[in-house]
Amino acid sequence: MPKLFKKVLVANRGEIAIRIIRALHELEIEAVAVYSDADRGSSHISLADEAYPLGDPVASESYLNIPKIIEIAKRARVDAIHPGYGFLSENDEFAFACEELGLTFIGPSPEVMRLMGDKVASRETMVKAGVPVVPGTTEAIRSLPQAKKISQKLGYPIVVKASAGGGGKGMRVVSQEKELEKSLAAAGREAKAAFGDETVYIEKYLEGPHHIEIQILGDTQGKVIHLFERECSIQRRHQKVIEESPSPYIDDKLRGKICKVALQAAKAIKYTNAGTFEFLVDKKKNFYFLEMNTRMQVEHPITEMVTGVDIVKLQIKIAEGYPIPFKQKEIVQKGHAIECRIYAEDPLNNFLPSPGKILSYRIPQGPFVRLDSYLYLGCEIPIYYDPLIGKLCVWGASRKEAVHRLSRVLKEFVIQGIRTNLIFHRQVVQMKHFTQGKYDTHFIDEEFKTPKTKPSQPLRNMVLAAAAVDAYKKTKASLAFVQEEFHMSPWLREGRVESLRHFNRGVF
Ligand code: ADP
């Protein structure tokens with residue numbers, strides 16, 4: 001019998017807390033927010049029906065503090081907890097703790113979370129389920145001779161990875177044997193510091209692969225469906241920055257094959273709720289399981305835009321015990337969606353976080369534009385957490401239309417008071433390889449690298465824009481002068497005097 005939720009606690013912050021609160025309200029469920037001292041003025045609080053303080057901003061004391069969150073859940077008498085992504089979303093102990101108290105954890109079972117959270121164990125499970133995995137070990141590395149033997153067999157370059165890994169932590173690419181010892185130690189150390197587990201394993205490092213992931217949903221009646229793929233190859237330091245759906249790289253035949261394998265994998269582990277199977281696809285279009293995320297993804301909106309399925313609402317309905325209300329064949333990919341992750345970081349200063357106060361902004365609008373964000377006037381972006389401040393998504397009837405729309409909305413978007421990576425996105429979306437949809441996971445590193453002799457054009461454009469601001473501030477030169485000076489930059493060329501006024505205020 002489905003159990004209808006009346007009240008749900010959202011154990012998260014920022015844009016994703018808001019996304020979940022909106023879904024709850026549309027389902028006429030009350031939303032309970034939690035917030036740290038650093039988020040006292042944050043907009044997820046004002047949207048919720050109740051809000052409880054977590055105190056100390058440090059994540060381990062607030063959004064990662066299981067006893068505190070459980071205590072609040074009991075006090076607020078909620079029926080369930082939605083963990084969002086990050087923080088406690090993949091913490092099986094938290095899911096167990098919820099279960100023990102009779103609270104529903106909106107996600108898969110703790111057992112599946114534990115299994116898939118351990119990358120070594122998940123690779124082994126996938127091999128058993130007949131899923132191709134990236135060539136490498138299905139056991140932990142215990143010694144240097146073992147690591148050497150495996151790496152020689154795979155052939156360099158290889159990558160050492162943390163079994164408990166995530167966010168690129170504990171990952172080291174090794175191109176020659178002499179670097180192996182140092183990299184193993186460094187990866188182990190980093191993994192121990194980040195996850196409290198130093199276990200590492202080895203994979204073949206594929207040359208210029210594509211990151212393709214499949215969105216899965218499973219209900220408690222045993223039905224599993226997929227919502228097709230997302231192309232997530234636009235990455236910086238192995239972290240996604242732009243995602244799109246469908247992938248411009250794969251054809252219907254390959255799409256069908258990968259989706260079928262993802263369903264097979266989900267059924268093998270009796271997966272429930274929303275999850276994502278990540279794959280690497282090589283130049284010969286072989287695909288390999290990379291890892292599974294047992295939670296909602298940051299980039300879920302683009303799947304929602306092309307399939308018309310509200311993933312968060314479905315997560316809640318599944319957790320209540322309802323079956324998935326449609327058949328696989330009813331799901332189609334319509335049109336094309338692209339997402340840019342907007343970060344409070346400074347692309348002109350090695351992408352360092354740029355916390356601070358939002359002094360003013362202009363939100364991009366218009367048809368088929370979606371902005372998931374917690375921005376408001378005067379909003380403080382704290383230093384304590386991930387610098388993601390919003391996700392700008394567009395939909396187009398074709399990829400071409402989506403790219404043009406994205407280019408337009410990125411020009412409209414203005415944020416003042418902090419530095420953001422908007423300037424970086426504006427550069428990326430006008431690059432030939434992006435507009436043509438011909439890129440792989442090395443695209444950003446290649447296009448933005450700083451060779452000793454001559455920096456790449458995109459990098460030059462960004463540096464020029466920064467210099468424009470400085471020059472204008474110093475000389476009080478006329479806007480026309482600045483425009484003239486920086487005619488080199490296609491971004492500025494397309495811009496207007498108004499944009500230059502924004503530069504003058506130090507805003508990108
Ligand atoms: P994390 O969980 O730390 O984010 P992943 O294993 O998901 O790490 O990998 C993140 C990204 O790193 C991938 O999308 C891909 O670009 C790159 N990567 C990871 N493993 C390999 C590999 N074996 N070969 C080539 N690139 C890889």
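Data for the structure
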{"quantity": "Sequence-distant residues sharing a close amide H with T104 (under 5 Å, placed H)", "calculated": "A80, I81"}
{"quantity": "Highest to lowest packing among 8-18, 365-375, scored as the average C-beta count within 10 Å", "calculated": "8-18, 365-375"}
{"quantity": "Solvent-accessible area of D310 with every protein chain in place, 1.4 Å probe, in Å² to the nearest 10", "calculated": "40 Å²"}
{"quantity": "Per-residue HN-Hα couplings for the range 218-226 [Karplus 6.51, -1.76, 1.60; θ = phi - 60°; Hz; x = Gly/Pro]", "calculated": "x, 9, 7, 8, x, 8, 10, 10, 10"}
{"quantity": "Computed over the range 7-106: relative contact order in percent, which uses C-alpha pairs under 8 Å that are six or more apart", "calculated": "29 percent"}
{"quantity": "Helix-only [θ]222 nm of the chain, DSSP H runs n ≥ 4, -39500 (n - 2.57) each, per residue, nearest 500", "calculated": "-11000 deg cm²/dmol"}
{"quantity": "Mean Cα-pair separation over length for the chain, i.e. relative contact order, pairs under 8 Å, 6 or more apart, %", "calculated": "13 percent"}
{"quantity": "With 20 Å bins from 0: P(r) over the chain, alpha-carbon pairs, percent", "calculated": "22, 56, 22, 1"}
{"quantity": "Spatial separation of Cα centroids for the range 391-463 and the range 59-134, in angstrom", "calculated": "35 Å"}
{"quantity": "Highest to lowest packing among 26-33, 294-301, scored as the average C-beta count within 10 Å", "calculated": "294-301, 26-33"}
{"quantity": "Label-point gap, in nm, between K283 and Q264 - each point 7 angstrom along Cα→Cβ", "calculated": "2.7 nm"}
{"quantity": "Accessible area per residue in Å² at 1.4 Å probe, computed on the chain", "calculated": "43 Å²"}
{"quantity": "Peptide ranges 258-270, 432-444 listed from the most packed, as the mean C-beta count within 10 angstrom indicates", "calculated": "258-270, 432-444"}
{"quantity": "Cα gyration tensor, the range 260-313 - rounded (a/c under 1.5), prolate or oblate", "calculated": "oblate"}
{"quantity": "Accessible area in the full protein assembly, largest first, 1.4 Å probe, for L359, L314, L47", "calculated": "L359, L47, L314"}
{"quantity": "Global geometry of the range 135-204, whether rounded, prolate or oblate, following the gyration tensor of its Cα atoms and the 1.5 cut on a/c", "calculated": "prolate"}
{"quantity": "Carbon and sulfur %, accessible surface of the chain computed with the full protein complex present, 1.4 Å", "calculated": "52 percent"}
{"quantity": "Förster radius 35 Å - calculated FRET efficiency between R408 and E28, Cβ distance, rounded to 0.05", "calculated": "0.45"}
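The values are calculated or read from the model by the stated rules, or taken from the named source; none is laboratory data. Predicted model, so just to flag it, every value in this text is computed and none were measured. Backbone-built Cβ (ideal geometry, glycine too); neighbour counts: all protein chains shown. Note: accessible area is taken over every heavy atom of the protein model, side chains too, but ligands, DNA and RNA are not part of it. Shrake-Rupley method; radii C 1.70, N 1.55, O 1.52, S 1.80 Å.
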